[in-house]
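Here the structure is laid out as structure tokens; the discussion comes afterwards.
The values are calculated or read from the model by the stated rules, or taken from the named source; none is laboratory data. Predicted, not measured: the structure shown is a model, and the values here were computed from it. Heads up, the Cβs are rebuilt from the backbone with ideal geometry, glycines too, and the neighbour counts pull from every protein chain shown. Just the protein is used for accessible areas: all its heavy atoms, side chains included, with ligands, DNA and RNA removed. Shrake-Rupley method; radii C 1.70, N 1.55, O 1.52, S 1.80 Å.
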Amino acid sequence: PGRWAYVRGQNGAGKSCLLKAVMGLWPYGEGLITRPAGTALFAGQEPDIPERLTLKELVTYPDLGERYDDLAVAAALGEAGLARFVPQLGAVLCAGKPWSQTLSGGQKQRLVLARILFHRPVLLLLDEACSALDPEAVVDFHRILREHLAASTVLSVMHDPEPPLDPDGRPFYADLVVIEEGVARLEPVEPRRFRFAAE
């Protein structure tokens, strides 16, 4: 609990398959996977935003939104940077179109961030889940997760060869899972050394 690992490897090394196997979505391998008790959530590069659901239901998805308090859903949207959509919690359409057609790629990934914040999973699997965000927003995405999911286990795959750093230069991830030639090894994330130039 509370350990974050960054999965690194060449294209096709099996990074996404590893996350999907842990989640139970990739049934083609063999072995034993032990997951912590409690909610597990998988967030992929293409957010799952079904049509014909209200914004509230999209935040509480896959659960139905009606059993949850509007304030809790609004708080999650606000934390994720989507506060301007809170007045439309009960809306199935935004500007006459389904939410999946209205929101930008970055807004969709922020919607998934709101879903994560709402459900507070004990196990979070991120597969390119912030790929549509700019570098500053990626740092903000991780900062928010660290504030709200400090006790959760996080496995993450991203495009970048190195894990992101917080504004103070500290890595968000404590471990690297390096996959090479079908073998995964665990390594600590080494703090990066910075050079400062003075004029």
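State the extension gain, in nm to one decimal, for the chain segment bounded by residue 178 and residue 83, taking 0.36 nm per residue of separation less the distance between their alpha-carbons.
30.5 nm
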Treat every Asp and Glu Cβ in the stretch 47-199 as -1 and every Lys and Arg Cβ as +1, leave all other atoms uncharged, and give the resulting dipole magnitude about the Cα centre to the nearest 20 debye.
420
When the helices in the chain are scored as -39500 (n - 2.57) per DSSP H run of 4 or longer and the sum is shared across all residues, what 222 nm value do you end up with, to the nearest 500 deg cm²/dmol?
-8500 deg cm²/dmol
Karplus ³J(HN,Hα) for the stretch 51-65 (6.51 cos²θ - 1.76 cosθ + 1.60, θ = phi - 60°; Hz, whole; x = Gly/Pro) runs 7, 6, 10, 6, 4, 4, 5, 5, 6, 7, 3, x, 7, 7, x
Just to confirm, what accessible area per residue do you get for the chain at 1.4 Å probe, in whole Å²?
58
Just to check I understand the Karplus step: with θ = phi - 60° and J = 6.51 cos²θ - 1.76 cosθ + 1.60, what whole-Hz values come out for the stretch 92-104, glycine and proline as x?
7, 10, 10, 6, x, 10, x, 4, 5, 9, 9, 6, 6
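Compute the convex hull volume of the Cα atoms of the stretch 21-83, divide it by the residue count, and report the result per residue in Å³ as a whole number.
Details: hull volume 8.4 nm³, N = 63.
It is 133 Å³ per residue.
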In a Gaussian network model over the chain where Cα atoms closer than 10 Å are linked, find which of 179, 33, 49 has the largest mean-square fluctuation.
33
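May I ask you to derive the relative contact order of the stretch 7-111, considering only C-alpha pairs under 8 Å and at least 6 residues apart, and to give it as an integer percent? Show your work: numbers first, answer last.
Numbers: 80 pairs, mean separation 23.9, N = 105.
Normalised by residue count, the contact order of the stretch 7-111 is 23 percent.
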Once label points are set 7 Å from the Cα along Cα→Cβ at both residue 137 and residue 3, what is their separation, rounded to one decimal in nm?
3.2
Share of accessible surface on carbon and sulfur in the chain, whole %, 1.4 Å probe and ligands ignored, is 52
What nm distance separates the two modelled labels at residue 186 and residue 102, each placed 7 Å from Cα along Cα→Cβ?
4.4
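Keeping every protein chain in place, order 122, 7 by accessible area at 1.4 Å, biggest value first, i.e. largest first. Before the final figure, lay out each step's value.
Working: 122 50, 7 0 Å².
From most exposed to least exposed: 122, 7.
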At 1.4 Å probe size, with no ligands or nucleic acids counted, give the accessible surface of residue 57 in Å², nearest ten.
40
Residue separation between residue 151 and residue 120 times 0.36 nm, minus their alpha-carbon distance, gives in nm 10.2 nm
Counting only protein chains, not ligands or nucleic acids, how are 159, 142 ordered by accessible area (probe 1.4 Å), most first?
159, 142
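For the stretch 110-156, give the magnitude of the charge dipole about the Cα centre (Cβ charges: +1 Lys/Arg, -1 Asp/Glu; no others), in debye to the nearest 20. Intermediate values should be presented prior to the final figure.
Details: 5 positive and 6 negative charges, 53 e Å.
Taking the Cα centre of the stretch 110-156 as origin, the dipole is about 260 debye.
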